[in-house]
Amino acid sequence: MPLIVRYLTHPQVVMEPGKDVRQWSLNPIGAARVSALAARPGCLSRTRRVISSHEAKALETARPLALALGADLEIRPGMHENDRSATGFLPPAEFEKVADAFFAKPLDSIRGWETAADAQRRIVSEVDDCLAGPQDGDILFVGHGGVGTLLFCALSGVGIDRRFDQGPGGGGCWFQFGLRDRKPKQGWQPMEDLTNGGEKQTGQGSGEA
């Protein structure tokens, strides 16, 4: 049976303006969604590796899933979200405008942010490194909406564009691709569809969570 690679974004978080965004935690809704998936992992049952960004919200998503699956948990600091430390926290409306520019001008550093082109090269390199060599089961990457979208665009052979983002709703979405062909089979889907077998096909959304 062909091996499947999935990329899952962390779900809803507690927004704490005075705290480094990399240390934000899942909120009760996000944590409950992770717990529900861990209790009924569905099509994740063949997963043997869970590979996570080192940011708190990603680890709070990855750890319960790895434990439930009896899978190894690997932490890759290079899978972090696009570096936005130059601005720190931005109010939601302002963040959306800057994020729009981030995707629209991938070669430019918007207000000191890591460029989309650089972030895309980084996440693609991380995934390639992790998938090099033989694998003994499906692989689950756990990360973030911004770099996840950049990965989706690279694997799909399309230019960087925010219309391929996971859409509104706070995150907790995934897409998958074959280990060999590295081509996404569908757009972003809610994590609840993993419990149902991941069969629902949905298109790409817009917006960033």
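No value in this document is a laboratory result; all are computed from the given coordinates. Everything numeric in this text was worked out from a predicted model, so none of it was measured. Note: ideal-geometry Cβ built from the backbone for every residue, glycine included; neighbour counts use all protein chains shown.
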Exercise. Count the lysine pairs in the chain that are 8 or more places apart or on different chains: how many have C-alpha atoms under 27 angstrom apart?
Worked result: 11
Seminar exercise, completed: Once both label points are put 7 Å beyond Cα along the C-beta direction, the K19-D161 separation in nm becomes 3.7 nm
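Once the Cβ-Cβ distance between L179 and V98 is put in as r, and R0 is 25 Å, what FRET efficiency do you end up with, to the nearest 0.05? The partial results should precede the final answer.
Values: r = 35 Å, r/R0 = 1.40.
With a Förster radius of 25 Å, E is 0.10.
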Seminar exercise, completed: Under the 7 Å Cα-to-Cβ spin-label approximation, A117 and A36 lie apart by a distance in nanometres of 4.2 nm
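If the viscosity is 0.890 mPa s and the temperature 25 °C, what Stokes-Einstein diffusion coefficient in µm²/s follows for segment 85-209 when Rh is the Kirkwood radius over Cα pairs? The partial results should precede the final answer.
On the way: Rh = 15.4 Å.
Here the translational diffusion coefficient equals 160 µm²/s.
Highest first, please rank the peptides 177-190, 86-99 by the mean number of other Cβ atoms sitting within 10 Å of their residues. Present the calculation step by step, with values, prior to reporting the outcome.
Working: 177-190: 16.2, 86-99: 12.9.
Sorting 177-190, 86-99 by mean packing, highest first, produces 177-190, 86-99.
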Exercise. For the chain, modelled as a GNM with alpha-carbon contacts under 10 angstrom, which of G137, G172, G157 fluctuates the most?
Worked result: G157
Exercise. Counting alpha carbon pairs within less than 8 Å and at least 6 residues apart, what relative contact order, in whole percent, applies to the chain?
Worked result: 29 percent
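Charges at C-beta only: +1 for Lys and Arg, -1 for Asp and Glu. How large is the resulting dipole of segment 1-59 about its Cα centre, in Debye rounded to 20?
Details: 9 positive and 3 negative charges, 69 e Å.
My answer is approximately 340 debye.
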Seminar exercise, completed: The answer for the chain, counting only DSSP H helices whose Cα atoms cover 15 angstrom or more along the axis and whose Kyte-Doolittle average is 0.5 or greater, is 28-39, 56-69, 145-156
Seminar exercise, completed: Of the convex hull enclosing the alpha-carbon atoms of the chain, the direction-averaged projected area in nm² is 10.3 nm²
Problem set entry | Qualifying trypsin sites (Lys or Arg not before Pro) for segment 1-71 [loop in DSSP, other Cβ within 10 Å: at most 12] | none
Exercise. Hey, how much of the P(r) for segment 1-109 falls beyond 23 Å, as a percent of Cα pairs?
Worked result: 38 percent
Exercise. If one computes the Cα centroid of segment 107-121 and of segment 163-189, what distance in Å separates the two points?
Worked result: 21 Å
For this session: Along Cα→Cβ, 7 Å out, is where each label goes; now give me the distance between the ones at A132 and R46 in nm to one decimal.
Result: 2.6 nm
